[in-house]
Amino acid sequence: MNSKSYTPSYNPTYQVTNQPRPLSGHNLYIGDQALQEAVHVNGAYWAKEELERYGEVCGRPEMIERGYAANEFKPIFESHDRSGHRIDLVRYHPSYHQLMQLALSEGLHSSPWTDPRPGANVARAAKNLLHSQLEAGHGCPITMTFASVPSIKLNPKIANEWIPKITNRTYDGSNRPYFEKSSLTIGMGMTEKQGGQMSGQIPLLPSLSKKVLMNYLDINGLCLRLCAMPF
């Protein structure tokens, strides 16, 4: 049998003719009429050129490939290094770090706080929408970093130390203590297997008995239930 019969290019059944080519090399902002109108109507018309620029960046084939790679190659947890030292390190694919670096350099985590003006949150939201089309997972630390600033500012002592690092537009993906870094992102740790489930029960706490409330820990006014769950 001719070896060419096993080559996809020579087998008609392997030819796909009813699918469009992968979408890339386009401007995500210019191609989104609804987003353009929302930005204009909600007071961020001044960001038009910046959003058009970033729409082109997010449509580049190499950027789309980074988003694919960040999803395809999952994080790897390393509890110890090769010498047996405890490191508790999560290794991400380089594409993940590249997307994080891009997001921070564009101010998706800080621009309304560092450059406040009418429509600043709208412009930031529009830019974030463009960016999240590359890959959504890393949008979690970006969004939580952005959202943390108003709460942290309630404590001036902590804010003086943390806010400059949180709003810094450089990215430091190294596994080092916060006080050794010039830039930081904010994350969230959850120990329950159904994250967020307890938040819906917090308003019911005042009606619970004293015995039941003993199972809760009050931290800065937030009640957290302490319990052991089998995993």
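Below is a table of values for the structure above.
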| item | result |
| --- | --- |
| Shape parameters for region 13-58, alpha-carbon atoms, Rg then Dmax in Å | 15.5, 53 |
| Calculated over region 135-181: convex hull of Cα atoms, volume per residue (Å³) | 83 |
| Stokes-Einstein D in µm²/s, Kirkwood radius over Cα pairs - region 71-165 at 25 °C with 0.890 mPa s viscosity | 160 |
| Tail beyond 16 Å, pair distance distribution of region 1-110 (Cα, percent) | 75 |
| Region 8-61 versus region 78-137: alpha-carbon centroid distance in Å | 21 |
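Values quoted throughout were computed directly from the atomic coordinates according to the rules given, and no laboratory measurement underlies them. A quick note: this is a predicted structure, and the numbers were derived from the prediction, not measured.
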